[in-house]
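Accompanying notes for the structure given below.
The values are calculated or read from the model by the stated rules, or taken from the named source; none is laboratory data. Only a predicted model underlies this, so the values are computations on that prediction, with no experimental measurement involved. Note: ideal-geometry Cβ built from the backbone for every residue, glycine included; neighbour counts use all protein chains shown. Heavy atoms of the whole protein, side chains included, go into the accessibility calculation; ligands, DNA and RNA do not. Shrake-Rupley method; radii C 1.70, N 1.55, O 1.52, S 1.80 Å.
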Amino acid sequence: MQIGILPGPIKHKNIESRGVRHYPFNVVLPVNQHLANRSEGIDLFDLREELFIMTPREIGSVYYDKVISILQNAGFSPRIRKKTYELQTVIPLVAANMGVAILPEMLNYFRREDVAFVPINHCTETLNSIIAWNNEDLSPLIQLFMKIAQEI
């Protein structure tokens, strides 16, 4: 890897990183689910009987560990019904009434009419987006990319 934008933190001997943005989490529910209209937010304990859709830990440990931690802090472990390999694929599965999901706010971009993105009450966890680069290869192109990203 030379440079990339990814969830962090990352720990590797020749990789350095800098935080870019912090995204709060939302609950994603089918619009016909009885909790979907709570625009004021949802208490996660109300989801303890629901089935969850997530990505497997092996393709994104930062996201997976954060979601598990959020739910355990709410007082329960999720019952995972389906695992999918891309976060944006979770949303159509929620729309198909296969379960609910906890997703970072950055995925609100994929909003659909048949799902609701509901804020989580009393949750301070965020998914941190970082720029990571190989500190053994600081080419001018990498330096330019970092400069532009910092200005955005």
Check your understanding: Would it be correct to say that Lys66 is over 14 Å from Val28 (Cα atoms) and assigned to a helix (DSSP H, G or I)?
Key -> yes
**Study point:** Long-range neighbours under 8 Å by Cβ, at least six apart or interchain, first residue of a type in the set (S, T, N, Q) within region 125-144, second at pLDDT 85 or above and open to solvent by 80 Å² or more (accessible area, probe 1.4 Å)
**Key:** Thr126/His22; Asn128/His22; Ser129/His22
Practice item. Examine region 63-70 for a residue that is out of contact with any Phe, Trp or Tyr (no Cβ under 6 Å at 6 or more places or on another chain), closer than 15 Å to Phe117 by Cβ and either modelled with pLDDT under 85 or open to solvent by 50 Å² or more (accessible area, probe 1.4 Å) (or both), and state whether such a residue exists. Key: no
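On the basis of being open to solvent by 30 Å² or more (accessible area, probe 1.4 Å), within 21 Å of Ile131 (Cβ to Cβ), out of contact with any helix residue (DSSP H, G or I) (no Cβ under 9 Å at 6 or more places or on another chain) and in contact (Cβ under 8 Å) with a residue 40 or more places away in the chain, does Gly19 make the cut? Can you show your working first?
Values: open to solvent by 30 Å² or more (accessible area, probe 1.4 Å): yes; within 21 Å of Ile131 (Cβ to Cβ): yes; out of contact with any helix residue (DSSP H, G or I) (no Cβ under 9 Å at 6 or more places or on another chain): yes; in contact (Cβ under 8 Å) with a residue 40 or more places away in the chain: yes.
So Gly19 passes the test.
Can you name the residue in region 111-122 that is touching a Gly at 6+ places or on another chain (Cβ under 9 Å) and hydrophobic (A, V, I, L, M, F, W, C) and is also least open to solvent (accessible area, probe 1.4 Å) among such residues? Outline the logic, then answer.
Start the filter on region 111-122 by keeping residues that are touching a Gly at 6+ places or on another chain (Cβ under 9 Å), which leaves 118-122.
If we keep only those that are hydrophobic (A, V, I, L, M, F, W, C) too, we end up with 118, 120.
Details: Val118: 3, Ile120: 20 Å².
Applying the filter and picking the extreme gives Val118.
Identify the residue in region 130-145 that is open to solvent by 20 Å² or more (accessible area, probe 1.4 Å) and in contact with a strand residue (DSSP E or B) (Cβ under 6 Å, 6 or more places away or on another chain) and, among all such residues, is nearest to Leu87 (Cα to Cα). Steps first, answer last, please.
We begin by selecting, within region 130-145, every residue open to solvent by 20 Å² or more (accessible area, probe 1.4 Å); these are 134-141, 143-145.
Then drop every residue that is not in contact with a strand residue (DSSP E or B) (Cβ under 6 Å, 6 or more places away or on another chain), which leaves 135, 145.
Details: Asn135: 29, Phe145: 25 Å.
Result: Phe145.
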Practice item. State whether the residues of region 37-49 include one that is buried (at least 18 other Cβ atoms within 10 Å of the Cβ), assigned to a loop (DSSP other than H, G, I, E, B) and either on the phi < 0 side of the Ramachandran plot or more than 16 Å from the chain's Cα centre (by Cα) (or both). Key: no
Check your understanding: Looking only at region 93-110, which residues are modelled with pLDDT under 85 and surrounded by 13 or more Cβ atoms within 10 Å (Cβ to Cβ)?
Key -> Met106, Leu107, Asn108, Phe110
